[in-house]
Amino acid sequence: MSYQIGSYTLKSKLLLAPMAGITDRPYRDVCRQYGAGLTSSEMITSDLSLLKTRKTQQRLPQRNEPSPRSAQIVGTEPHVMAEAAKFNVDLGAEIIDINMGCPAKKVCNKAAGSALMKDTKLVAEILEKIVAAVDVPVTLKIRTGWESTHRNALEVARIAENAGIASLAIHGRTRNQGYTGHAEYETIRQIKHAIDIPVLANGDIKTIEDALFILNYTNVDGLMLGRISHGQPWIFKEINDILVDAAPTFPIKLEEKIDTTLKHIDAIHRYYGTDQGVRIARKHIGWYLSSLVGQQQKLLKPLTKEIYPISCSKKQLQKLESILLAL
Ligand SMILES: Cc1cc2nc3c(=O)[nH]c(=O)nc-3n(C[C@H](O)[C@H](O)[C@H](O)COP(=O)(O)O)c2cc1C
C-alpha cells in the first residue's frame, strides 16, 4: 500500500495532486488527515525576487507540517530553478517536485510547466542541475507530451530516470489538451514498463472504480488524485480502505463529513485572516455543498446564493453549519 520516494516510505500510494490556488496548508492538512500519502505545496515560482512576497510565503510548505514536506517549483532556467530548489530546502522542504505538467498560460508564456517538454535538452539540463543542487529527493510531474502528434513522455521519462529523479507523476493528457477530452493511460502504462523509478498515474480519476482500473491496467506504483478531492477529502480514506482490504468498509458518516467541512473552513479563516479567508473559503464551500447534498443537486444553487454574499468569517461559518445540519 505504500509508495517510495527516495528514502521516504509514504503510508499510502494515493498522493494529492498539486493544484495552484487550492492545495494550500489547510487543504493539505485535511487530505493528510484522511490518508493522502503526500501533499505537495501549490507551485512556487523560481523567481527569487518573488519568493519573499506574502503570496508566495503562504504557498511554501511549513516546518510544522508533517514530514515529508514537498515543495513544487516551476520555472524555465536550470540555474534559477536549482537556486529555487535550494531555497525551498533551506526553508524545510524535504522533497522538491518539478512542475512540467501545468498548461496554464501564465506559466507557459514563459515556456515553463508542460511547455518545457518540447525542449528535451533543456529538460535534461534542468533535472540534472536541480538533482545536483539539493540533497533531498527530486520528483517530476509531466504530461504525456506536447500535443497528440508529439507524445514524448516516454523520452522525458528516460531522461528523468537518468538524471536521478526519484518519482515520476504523469497526467494522461497532452499539454494542448488543457483539461479537455479524457486522460489516457496507455502512455502511462508504457512508461511504467520502460523505467525503473516509481511512477504515479494522474488524470480523471473520478471514482473508486477508476482508481482500481488504472492501477491494474498501468501497473503503476501509485495514483495522484486532484479534482476528485474537492469537497470530499475523505476520498483518500475511501479508496485506501478498499486498496487495503479489497472490500468496502463502513461509509464515512454524514456527521463526520460535516464536522470535517466546518473544521476545514475554520482553518482557512485562521490561515488567511477574515477577508482573504472568506473569499478563499467560498469555492471550498461550493464543493462541499455539492458533495454533501448528494442527489439533491437542485438545492445547490439556492444554498450557494444564501451563503456566497456573506463577508464575515464568523457568519459564513455559522450559516454553513446551519445549512449542513439541516441536510
Ligand atoms: C485548479 C487547478 C490547479 C492546478 N495547479 C497545478 C499546479 O500548480 N501544478 C501542477 O503540476 N499541476 C497543477 N494542476 C494539475 C493537477 O495537478 C492534475 O494534474 C490535474 O488536475 C489532473 O488530475 P485530476 O483529473 O485528478 O484533477 C492543477 C489543476 C487544477 C484543476
If you go through the range 221-236 one residue at a time, how many are out of contact with any Lys or Arg (no Cβ under 6 Å at 6 or more places or on another chain), more than 9 Å from the ligand (Cβ to nearest atom) and farther than 24 Å from residue 262 by Cβ? 1
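Does residue 273 satisfy the criteria of being assigned by TED's automatic domain parsing to the domain that holds residue 319, surrounded by 17 or more Cβ atoms within 10 Å (Cβ to Cβ) and not aliphatic (A, V, I, L, M)?
Working: assigned by TED's automatic domain parsing to the domain that holds residue 319: yes; surrounded by 17 or more Cβ atoms within 10 Å (Cβ to Cβ): no; not aliphatic (A, V, I, L, M): yes.
In short, no.
May I ask you to verify whether residue 277 is in contact with a helix residue (DSSP H, G or I) (Cβ under 6 Å, 6 or more places away or on another chain) and not in a helix (DSSP H, G or I)?
On the way: in contact with a helix residue (DSSP H, G or I) (Cβ under 6 Å, 6 or more places away or on another chain): yes; not in a helix (DSSP H, G or I): no.
Taking the combined requirement at face value, the residue does not satisfy it.
Is it the case that residue 179 is in a loop (DSSP other than H, G, I, E, B), of a type outside the set (Lys, Arg) and open to solvent by 50 Å² or more (accessible area, probe 1.4 Å)?
Numbers: in a loop (DSSP other than H, G, I, E, B): yes; of a type outside the set (Lys, Arg): yes; open to solvent by 50 Å² or more (accessible area, probe 1.4 Å): yes.
Judged against the criteria, residue 179 is a match.
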Members of the range 288-327 found to be buried (at least 18 other Cβ atoms within 10 Å of the Cβ) and among the aromatic types (Phe, Trp, Tyr), listed by number: 288
Selection within the range 15-67 - open to solvent by less than 10 Å² (accessible area, probe 1.4 Å), within 11 Å of the ligand (Cβ to nearest atom), over 17 Å from residue 283 (Cβ atoms) and aliphatic (A, V, I, L, M): 15, 44
For the range 190-205, indicate whether the set of residues that are open to solvent by 50 Å² or more (accessible area, probe 1.4 Å) and within 16 Å of the ligand (Cβ to nearest atom) is non-empty. no
Restricted to the range 37-56, and to residues that are closer than 21 Å to residue 95 by Cβ and not in a loop (DSSP other than H, G, I, E, B), which residue is modelled with the highest pLDDT? 39
Suppose we keep only residues that are in a loop (DSSP other than H, G, I, E, B) and open to solvent by 10 Å² or more (accessible area, probe 1.4 Å) within the range 1-14. Which one would you say is nearest to the ligand (Cβ to nearest atom)? 13
Kindly evaluate residue 9 against the criterion of being among the hydroxyl-bearing types (Ser, Thr, Tyr) and out of contact with any Gly (no Cβ under 9 Å at 6 or more places or on another chain). yes
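The values are calculated or read from the model by the stated rules, or taken from the named source; none is laboratory data. Since the structure is predicted, the reported quantities are computational estimates derived from the model, not experimental observations. When we count neighbours, we look across all protein chains shown, and the Cβ atoms used for this are built from the backbone with ideal geometry, even at glycine. These accessible areas exclude ligands, DNA and RNA; they are computed on the full protein's heavy atoms, side chains included. Shrake-Rupley method; radii C 1.70, N 1.55, O 1.52, S 1.80 Å.
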